[in-house]
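Read through the structure below, which is laid out as structure tokens, and then see the notes.
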Amino acid sequence: MSRADSVFERYAAYHRNATNKAIHWVCVPLIVWSLLGMLWAASPYAAYAAIVLAMAFYLRLSLPIAVGMLVMLVAMAYALTLLGSQVLAVSAGVFVVAWIGQFIGHAVEGRRPAFFEDIRSLLVGPAWVLGEMYRRLGIAY
């Protein structure tokens, strides 16, 4: 079993319910985008630094996952540039709404979020969503 499969399997144990999974498919990318946006509002360099640090983690999981995450993060950063002076307000609003969605999903699941037991799960979540997309498309990682 690959490192990514092992990490994803652990994370998936907290996400068995179909409703919770569907919520995660929407809310996890929104949380990533909004967090990147709040960092961008502080300084684009802070956002770039976060991307570099996240990429170090994703490269340890798998090169295909890292490449996919880089593409997603660059696209997210580009979208932030379109918000201009509204980036902080929009990002903060999306962040709050998306986390409410996450906690609703975990209430339906009947299990606490994985990050309560392993903080790395905050980085695993986005890669898990991407990994699921790769599996559906038949892309090896």
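Restricting VAL52, VAL26 to residues that are surrounded by fewer than 15 Cβ atoms within 10 Å (Cβ to Cβ) and over 26 Å from HIS106 (Cβ atoms) narrows the list to VAL52. Of all residues in region 94-118, those satisfying the criterion of being more than 20 Å from GLU9 (Cα to Cα), touching a residue at least 40 places away in the same chain (Cβ under 8 Å) and either among the small types (Gly, Ala, Ser) or outside any helix (DSSP H, G or I) (or both) are ALA98, GLY101.
Here are VAL87, VAL124, VAL129, VAL96: which of them is closer than 15 Å to VAL32 by Cα and surrounded by fewer than 15 Cβ atoms within 10 Å (Cβ to Cβ)? Answer to the check: VAL96. Within region 119-141, restricting attention to residues that are of a type in the set (Ser, Thr, Tyr) and under 13 Å from LEU63 (Cβ atoms), the residue that is modelled with the lowest pLDDT is TYR141. Only one of the numbered conditions (1) in contact (Cβ under 8 Å) with a residue 24 or more places away in the chain; (2) surrounded by 13 or more Cβ atoms within 10 Å (Cβ to Cβ); (3) farther than 13 Å from CYS27 by Cβ is not met by ALA66, and that is (1).
Listed by first and then second residue, the pairs with beta-carbon distance under 9 Å, at least 6 apart or on different chains, first residue in region 28-53 and more than 27 Å from HIS15 (Cβ to Cβ), second outside any helix (DSSP H, G or I), are TRP40/LEU83; ALA49/SER43. The set of residues in region 112-121 that are surrounded by 16 or more Cβ atoms within 10 Å (Cβ to Cβ) and not aliphatic (A, V, I, L, M) comprises PRO113, PHE115, SER121.
Report whether or not VAL52 is within 21 Å of LEU137 (Cα to Cα) and assigned to a helix (DSSP H, G or I). Considered against the rule, which asks whether it is within 21 Å of LEU137 (Cα to Cα) and assigned to a helix (DSSP H, G or I), VAL52 comes out as no.
The values are calculated or read from the model by the stated rules, or taken from the named source; none is laboratory data. This one's a predicted model, so the numbers in the text were calculated from it and none came from an experiment. Cβ sites come from the backbone with ideal geometry, for glycine too, and all protein chains shown count toward neighbours.
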